[in-house]
1. Restrict the check to the stretch 58-69 and report whether at least one residue is within 22 Å of F195 (Cβ to Cβ) and either polar (S, T, N, Q) or free of Cβ contacts under 8 Å to residues at least 60 places away in the same chain (or both).
2. Identify the residue in the stretch 83-109 that is in contact with an Asp or Glu (Cβ under 8 Å, 6 or more places away or on another chain) and either modelled with pLDDT under 95 or among the aliphatic types (A, V, I, L, M) (or both) and, among all such residues, is nearest to G144 (Cα to Cα).
3. For the stretch 19-28, indicate whether the set of residues that are out of contact with any strand residue (DSSP E or B) (no Cβ under 7 Å at 6 or more places or on another chain), modelled with pLDDT of 90 or more and surrounded by 14 or more Cβ atoms within 10 Å (Cβ to Cβ) is non-empty.
4. For the stretch 5-16, does any single residue satisfy the condition of being over 17 Å from L202 (Cβ atoms) and either assigned to a loop (DSSP other than H, G, I, E, B) or at pLDDT below 90 (or both)?
5. Tally up the residues in the stretch 183-193 that are surrounded by fewer than 16 Cβ atoms within 10 Å (Cβ to Cβ) and either within 30 Å of R65 (Cα to Cα) or touching a Gly at 6+ places or on another chain (Cβ under 9 Å) (or both), please.
6. If you scan the stretch 118-136, which residues turn out to be assigned to a strand (DSSP E or B), farther than 30 Å from D162 by Cβ and in contact (Cβ under 8 Å) with a residue 24 or more places away in the chain?
7. Spot the failing condition for N45; the list is (1) modelled with pLDDT under 95; (2) under 15 Å from the mean Cα position of the chain (by Cα); (3) surrounded by 14 or more Cβ atoms within 10 Å (Cβ to Cβ), and only one is missed.
8. Could you check how many residues of the stretch 141-195 are within 16 Å of E105 (Cβ to Cβ), touching a Ser or Thr at 6+ places or on another chain (Cβ under 6 Å) and not polar (S, T, N, Q)?
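The values are calculated or read from the model by the stated rules, or taken from the named source; none is laboratory data. All values reported here derive from a predicted model rather than from experimental measurement. A quick note on method: Cβ atoms are made from the backbone with ideal geometry, for glycine too, and the neighbour counts reach across all protein chains shown.
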Amino acid sequence: MQKKWLFIAFILVLTNSAQLKAQYSKQDSTYKKCFIGSSFFLLGNLSSVNKPDFGQLNFGYRLTRKDAITLELRTWKYAWPLGINPLTNKAYGTPEEKFPGYIREFGFALAYQRFLWKGLYAELNVMNAWQTFVNDDGKKMDNGFQIFNTYRVGYHIKLFKDRFFIQPSIAITHRPYHTKMPDSFKQTDDKWPKFLYGEPGLHFGFNF
């Protein structure tokens, strides 16, 4: 449910983005090189069903007007395989596809953004995630590790004289590597692909 609200917010922002200023151009004599931010996926913590206990903090630096790098600190938990698209697949949220517990992840991601045209950008995001597998009784079963990549296209929108910004986006996510899961988790996860297409995103930040 939380991702459906995020997708709605994403569509609303896109419909109004054409009226807002684009990303930094050659005419900008000065611009703020540093920024901090997070993701509106934080709103998912208000859900009473499959609450993700999500947290994210971004620290970014603009190398040039067209290039930016970001360090993201992130944690969340999930009880269904990441290969199920909750927006398009009814299997998400069903008891049949639920893990026998949940996975808690803590990690950091490094992201590189390249602005292509006005505010349009492409991003490569690589997350290193340390995992804890917890069963339905709340007891730890095992530890794990995975690399979680996000290939993103989005639009950077300046707000309040460039003090703040938002970035609606759409992405492909990919899990190129993970350690062996407990068998009860692996049996469910193996049913689903390592790629997920059409993941919406909506980030926000403060420039300084």
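1. No - not one qualifying residue is present in the stretch 58-69.
2. Among residues in the stretch 83-109 that are in contact with an Asp or Glu (Cβ under 8 Å, 6 or more places away or on another chain) and either modelled with pLDDT under 95 or among the aliphatic types (A, V, I, L, M) (or both), the one nearest to G144 (Cα to Cα) is A109.
3. No - not one qualifying residue is present in the stretch 19-28.
4. Going residue by residue through the stretch 5-16, those that are over 17 Å from L202 (Cβ atoms) are none.
Looking through the stretch 5-16, none of the residues is over 17 Å from L202 (Cβ atoms) and either assigned to a loop (DSSP other than H, G, I, E, B) or at pLDDT below 90 (or both).
5. Adding up the residues that qualify gives 3.
6. Of the stretch 118-136, the ones assigned to a strand (DSSP E or B) are 120-135.
Subsequent filtering for residues that are farther than 30 Å from D162 by Cβ retains 128-135.
If the condition is that a residue be assigned to a strand (DSSP E or B), farther than 30 Å from D162 by Cβ and in contact (Cβ under 8 Å) with a residue 24 or more places away in the chain, then A129, W130, Q131, T132, F133, V134, N135 are the ones that fit.
7. (3)
8. 2
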